[in-house]
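Nothing in this text is a laboratory measurement; each read-out follows from the coordinates by a stated rule. Values in this document were obtained by computation on a predicted structure and should not be read as measured data. A quick note on method: Cβ atoms are made from the backbone with ideal geometry, for glycine too, and the neighbour counts reach across all protein chains shown.
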Ligand code: HPA
Ligand code: ZN
């Protein structure tokens, strides 16, 4: 078959997708209407044309502004169901999805409505579409440590609907050790832990070291700069760490390199366990996993064997009981 057909046919998983980053412009208009809000864009095309960013902070400004239309439980249901339906249509059979509750609590939305709407969509998508999923609460790292702890406390009554916690948003000045106690508490409550280490941030290698050796994460989101340290690569391998890489957003190292380095290629060559995800597809050309993988084959010169190996890592990485993993 053609490459596109081959990729489409692979049973896939996704571990690095922010639900709020799947909020398509069309749905933004629909939710704004339902919630009696006005958006400062004439139409979908004008809104999409405003998605212009050049680094993590400029991306985040657009992303946080966009999610303000999410106000009520059915909004979170619609958001999560639409992503799961899209993913299922591309043969994703399992997904672990991030969400950023702090941003919603700020607007007066309750944790019960955020987690409740998403959980209801997860159940419906599993029974109607056959896609299984779990939910990872992300701390917004540029908000205060107190805000993150209050959010964790508000979420713990719903911990049966969560599989883990993560760390996202603006890394500059917000190193992972700011969240040491939060991660320990999450772990004590039976949750898994992961953290973003976006490429080419301030102190990226120091932060990768901290999440590996101090926060003791189970996974790393992005993490491409690790190829610049043989010592950290060895630690990650020793610990069996999986990396959730999003080539659309974090696919190239530039800052400290003479020549741009392709992240997926370099990580595979270093022998690391790489899985590929779509990150924030609504803001990245509405390209979901099939499109991301097709592009990755070309830009990272992936062989079929490598694609298949990454598909397999994609299921090994699941935060599921071993028996459930074997069944996939
Ligand atoms: N990195 C950091 N924060 C984010 C991202 C990301 O890839 N997506 C949404 N918030
Ligand atoms: Zn991300």
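Determine if the range 23-41 includes at least one residue that is within 16 Å of ligand 2 (Cβ to nearest atom) and over 18 Å from residue 306 (Cβ atoms).
Narrowing the range 23-41 to residues within 16 Å of ligand 2 (Cβ to nearest atom): 23.
Applying the additional criterion that residues be over 18 Å from residue 306 (Cβ atoms) yields 23.
Yes.
Output the qualifying pairs, or none if there are none: Cβ atoms under 6 angstrom, residues six or more apart or on different chains, first residue in the range 32-47 and at negative phi and free of Cβ contacts under 8 Å to residues at least 24 places away in the same chain, second residue surrounded by 12 or more Cβ atoms within 10 Å (Cβ to Cβ) and assigned to a loop (DSSP other than H, G, I, E, B).
47/41
Identify all residues within the range 202-226 that are more than 16 Å from residue 138 (Cβ to Cβ) and either out of contact with any strand residue (DSSP E or B) (no Cβ under 7 Å at 6 or more places or on another chain) or within 12 Å of ligand 2 (Cβ to nearest atom) (or both); write none if there are none.
202, 203, 205, 206, 209, 210, 212, 213, 214, 216, 226
Look at the range 1-30 and say how many of its residues are in a loop (DSSP other than H, G, I, E, B) and either without any contact (Cβ under 8 Å) to a residue 12 or more places away in the chain or surrounded by fewer than 14 Cβ atoms within 10 Å (Cβ to Cβ) (or both). Walk me through how you get there before you give the answer.
Looking only at the range 1-30, we keep the residues that are in a loop (DSSP other than H, G, I, E, B), and these are 1-2, 10-11, 23-24.
Now drop any that are not either without any contact (Cβ under 8 Å) to a residue 12 or more places away in the chain or surrounded by fewer than 14 Cβ atoms within 10 Å (Cβ to Cβ) (or both), which leaves 1-2, 11.
Residues meeting the conditions: 3.
Kindly indicate whether residue 202 is away from ligand 1 (no atom under 12 Å from the Cβ), more than 19 Å from residue 15 (Cα to Cα) and outside any helix (DSSP H, G or I).
Yes.
Among the residues of the range 76-108, how many are under 12 Å from residue 151 (Cβ atoms) and in contact (Cβ under 8 Å) with a residue 12 or more places away in the chain? Steps first, please.
Applying the first criterion (under 12 Å from residue 151 (Cβ atoms)) to the range 76-108 yields 99-106.
After this cut, where a residue has to be in contact (Cβ under 8 Å) with a residue 12 or more places away in the chain as well, the list is 99-105.
Within the range 76-108, residues that are under 12 Å from residue 151 (Cβ atoms) and in contact (Cβ under 8 Å) with a residue 12 or more places away in the chain number 7.
Before we move on, is residue 193 farther than 14 Å from residue 19 by Cβ, touching a strand residue (DSSP E or B) at 6+ places or on another chain (Cβ under 9 Å) and part of a strand (DSSP E or B)?
Yes.
When you go through (1) more than 19 Å from residue 286 (Cβ to Cβ); (2) in contact (Cβ under 8 Å) with a residue 40 or more places away in the chain one by one for residue 54, which number turns out not to apply?
So residue 54 meets the others, but not (2).
If a residue must be within 16 Å of ligand 2 (Cβ to nearest atom) and closer than 20 Å to residue 11 by Cα, how many such residues does the range 265-295 contain?
11
If you go through the range 55-67 one residue at a time, do you hit one that is away from ligand 1 (no atom under 16 Å from the Cβ) and either assigned to a helix (DSSP H, G or I) or surrounded by fewer than 20 Cβ atoms within 10 Å (Cβ to Cβ) (or both)?
Within the range 55-67, not a single residue is away from ligand 1 (no atom under 16 Å from the Cβ) and either assigned to a helix (DSSP H, G or I) or surrounded by fewer than 20 Cβ atoms within 10 Å (Cβ to Cβ) (or both).
Taking helices (runs of 4 or more DSSP H) that do not extend beyond the range 217-321, which have at least 3 residues that are more than 16 Å from ligand 1 (Cβ to nearest atom) and either over 18 Å from the mean Cα position of the chain (by Cα) or surrounded by fewer than 18 Cβ atoms within 10 Å (Cβ to Cβ) (or both)?
In the range 217-321, the matching helices (runs of 4 or more DSSP H) lie at 230-238, 263-269, 289-299, 304-316.
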